[in-house]
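Undergrad: Sharing a structure here in structure tokens format.
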Amino acid sequence: MRTRASVLGLALVVVAAGAAAETRRVAEQQVQDVAAQLRCVVCQNLSVADSPSETATQMRTIVRERLEAGETPEQVTRYFVDRYGEWILLSPPRHGFNLLVWAAPAAAVVAGFTLVGLLLARWTRRRASAGPVVPSGVDAAMRERIRRETEMEP
Amino acid sequence: MRWLIPLSAVPVLALLAYGFRVNPRDIPSPLVGRPAAAFSLQTFEGAPLALEAQHGRVVVLNFWASWCHPACYDEAPVLERNWRAYRGRGVVVIGVDIQDKLEAAQKFMRDFSLSFPNVQDTTGQVSVDYGVYGVPETFFIDRRGRIRAKHVGALTDEVFRVNVERLLSETTG
């Protein structure tokens, strides 16, 4: 009787362990993290995580199933890239030609500051070398007249 | 220094010129040349349909939906016509209905008297396996089960014939 009970207990433990190994519990956040990197194929600039469309819902289910089956987030992303190409990723991966996309904004900022710096340097140099401002076409008589008329003001 | 500013615009203009010349809707499929993903679904009539069972035949796999107007409506007669013309030569047309309502899909098939096998991809698994991002999309699969071409948009007689004839002319390796 006791052996039968322990055999039954052992069988239950084995079954429970088997079930746990088969499907891992995956937190909703993990599914969202992967889905957020994927482009919703039927939307304009929306991730699979943000889109309410049926396609995105199905894609989230596929993400969850693959994570539950024990795949890493990288493997799940790879699965989508293998089928859709890098186009499916909202952020282009940082290698090859794509580096241009990441480097261009920084390069533009550096170039902009350099340009402003160079122009400022040039303008201040020119002004410094130009000496005191002598307005042309204003002779001493005119200056005298302006002084007189401004002094006449009440 | 004076020529530096106009010169710096050259790479930007070159990039723009390249960008404007490519079609943003033309997304190359990484699947062309690769083995077609296996699937096993039920046809609308309830018969089992597995892609592997078509080995040795040229398969035209068409993704459609009843709400896909007008492209799917334009190509439905093309698919039916060519299926009838080529079925005796070892070609099979398979329709995969995606993101659709059952009744609407059945009406679509009735309206166009579609006689080739059609399945419904209710989970979206087949669509994702084929990297489908819109309907209609058509894949041409050779006798060895490899995807050889992908056509986005409504299929024409010309596109159907050219692709199928090319795959039929190949010897089964």
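What follows is calculated from the coordinates using simple rules that are stated; it is not laboratory data. Bear in mind that the values here come from a model prediction, so they are computed numbers and not experimental data. Positions of Cβ are backbone-derived with ideal geometry, glycine not excepted, and every protein chain shown enters the neighbour counts.
Undergrad: Go through (1) touching a residue at least 40 places away in the same chain (Cβ under 8 Å); (2) surrounded by 16 or more Cβ atoms within 10 Å (Cβ to Cβ); (3) in contact with a strand residue (DSSP E or B) (Cβ under 7 Å, 6 or more places away or on another chain) one by one and return the number of the condition B:Gly95 breaks.
TA: Condition (1) is where B:Gly95 drops out.
Undergrad: Taking the stated definitions as given, is B:Ala154 part of a loop (DSSP other than H, G, I, E, B) and crowded, with 16+ Cβ neighbours inside 10 Å?
TA: yes
Undergrad: Cβ-Cβ below 6 Å, separation at least six or inter-chain, first residue in the range B:128-139 and facing chain A (nearest Cβ under 10 Å), second part of a loop (DSSP other than H, G, I, E, B): which pairs?
TA: Every condition considered, the pairs that remain are B:Asp129/B:Ala37; B:Gly131/B:Ser29; B:Gly131/B:Leu31; B:Tyr133/A:Val41; B:Val135/B:Ala65; B:Val135/B:Cys68.
Undergrad: Is it fair to say B:Gly19 is within 14 Å of another protein chain (Cβ to nearest Cβ) and either assigned to a loop (DSSP other than H, G, I, E, B) or among the hydroxyl-bearing types (Ser, Thr, Tyr) (or both)?
TA: no
Undergrad: Now, a different point. Conditions: (1) assigned to a loop (DSSP other than H, G, I, E, B); (2) closer than 27 Å to A:Val81 by Cβ. B:Val128 meets all but one. Number of the miss?
TA: (1)
Undergrad: Only one of B:Phe108, B:Phe116 is crowded, with 21+ Cβ neighbours inside 10 Å, over 14 Å from the mean Cα position of the chain (by Cα) and not in a strand (DSSP E or B); which?
TA: B:Phe108
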